[in-house]
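Notes follow the structure.
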């Protein structure tokens, strides 16, 4: 893996947002719907939805439809990477697996 080719700045920009961090912390405990995350964070639904969309596009979380609502959870592959190594190595592995699918990139 080449750390100079990994866009850490994009990953940290996505992961450095306080609301996204709250969502990740919450989803580490259990899967949740947008409504549950809105109640838990006290943020507007549009902000929570936007944060989840960014995390989902970057392959940090996934959503599954349950009836009329979407339930989000951390992707097991990402969670495993974070638990087995430091954040830079985890992000290098994540980038190697998924490429640049950052919410700001159209790559």
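Here, each number is a calculation from the coordinates, and none is a lab measurement. Everything quoted here is computed from the prediction, not taken from an experiment. Counting neighbours? That spans all protein chains shown, and the Cβs are built from the backbone with ideal geometry, glycine included.
Full extension of the chain between residue 98 and residue 30 gives 22.1 nm of extra length, using 0.36 nm per residue less the Cα-Cα distance. Equivalent-ellipsoid semi-axes for the stretch 3-97 (Cα gyration tensor, √(5λ), whole Å, largest first): 24, 14, 11. Peptides 64-71, 83-90, ordered by how many other C-beta atoms sit within 10 Å of their residues on average, highest first, read 83-90, 64-71.
Taken along the Cα-to-beta-carbon direction at a fixed 7 Å, the label points for residue 12 and residue 76 span 3.1 nm.
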